[in-house]
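Right, one structure below, let's go through it.
The values are calculated or read from the model by the stated rules, or taken from the named source; none is laboratory data. Only a predicted model underlies this, so the values are computations on that prediction, with no experimental measurement involved. Positions of Cβ are backbone-derived with ideal geometry, glycine not excepted, and every protein chain shown enters the neighbour counts. Please note that ligands, DNA and RNA were not included when accessible areas were found on the heavy atoms of the full protein model with its side chains. Shrake-Rupley method; radii C 1.70, N 1.55, O 1.52, S 1.80 Å.
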Amino acid sequence: MQIAPGLHLVDGMEKGIVHAYVWERPDGKLTLIDAGMPGDAPRILAFVQQLGPGRLDRIIVTHGDIDHMGGLAAIQAASGARVICHAVEKAVVEGRQRRVMGNSLLRRAYGRAFDFVTHIFLGYRPRTPVDELVLDKQMLVEGFQVIHVPGHTAGQIALYQPERGILLVADALNNRGRALGLPPAIATPHMDIAKDSIRKLAALKGVQLICFGHGAPITQNAAERLSAFAASLDKK
Ligand SMILES: [Zn+2]
């Protein structure tokens, strides 16, 4: 589904639990932004193929969660694409460090149980080497600027295309249900920092379109809705 010229939400994932996006670069190549659940790899590869064989050469992983990089190993192997993430997220994406869960007495248990279940039932084990590390404010060949939005994970990034006001927020906030929402507490170890990240996004100038890891894109009054949500956080 084309959301804006050059920006696609991978077909078949519109109503799924998580979204992945494809960006058509001016050089004719494609960048995949996030790689879905492990079971999403075939659908993402088919979608990319339909846009043109051999075009996918970069995969940006917004953060190291199973629903954003579950299909990464298969898609990278099939395409040979370079893998890109924030420098702080590298060890998690490569499977050398466990993702830190939310603050809870049970968080170690959650983390271990989660690893066990995803490994046994989904055959998921992060292991894809990262080729390129990015930092806050860096401008990418995609024409998107990296916005470091920690809190949900330490190295999560959003992407902002200032000329057209296109903002991909990953899981910094979501649009599940009818309203904007914070990332889930169980998987957000630093909620105060996550709120600061939302304020940072709300301070961007000229936002026209917001795309989420979870929930439908916002195409109308995007800047106003983001600002209102950020302002509401001060009162919570
Ligand atoms: Zn997610």
(Q) Could you check the spin-label model distance between A203 and A78? Points 7 Å from the Cα along Cα→Cβ, value in nm. (A) 4.1
**Q.** Cα gyration tensor shape of the stretch 8-92, rounded if a/c is under 1.5, else prolate or oblate by comparing a/b with b/c
**A.** oblate
Q | Separation between Cα centres of the stretch 97-154 and the stretch 4-28, rounded to whole Å | A | 21
Q. At a Förster distance of 25 Å, what's the computed FRET efficiency of Q220 paired with D11, Cβ-Cβ distance as r, to 0.05?
A. 0.65
Q. Looking only at GluC sites (Glu not before Pro) in DSSP loops with at most 15 other Cβ atoms within 10 Å, what is the longest site-free stretch of the chain?
A. 15-162
Q) How do K90, K200, K195 rank by accessible surface area computed with a 1.4 Å probe, from largest to smallest? A) K200, K90, K195
Q) Cα convex hull of the stretch 2-55: how many Å³ per residue? A) 70
Q) For the stretch 82-159, what value does the Rg/Rh ratio take when both radii are computed over Cα atoms and Rh is the Kirkwood radius, given to two decimals? A) 1.04
Q.
For the pairs K15/K137; K137/K195; K29/K205; K137/K205, flag any whose C-alpha to C-alpha distance is greater than 23 Å.
A. K15/K137; K29/K205
Q. Which whole-number percent is the relative contact order of the stretch 69-223 (Cα, under 8 Å, 6+ apart)?
A. 21
**Q.** Cα Rg, Dmax (largest Cα-Cα span) when computed across the stretch 2-233, Å
**A.** 16.4, 49
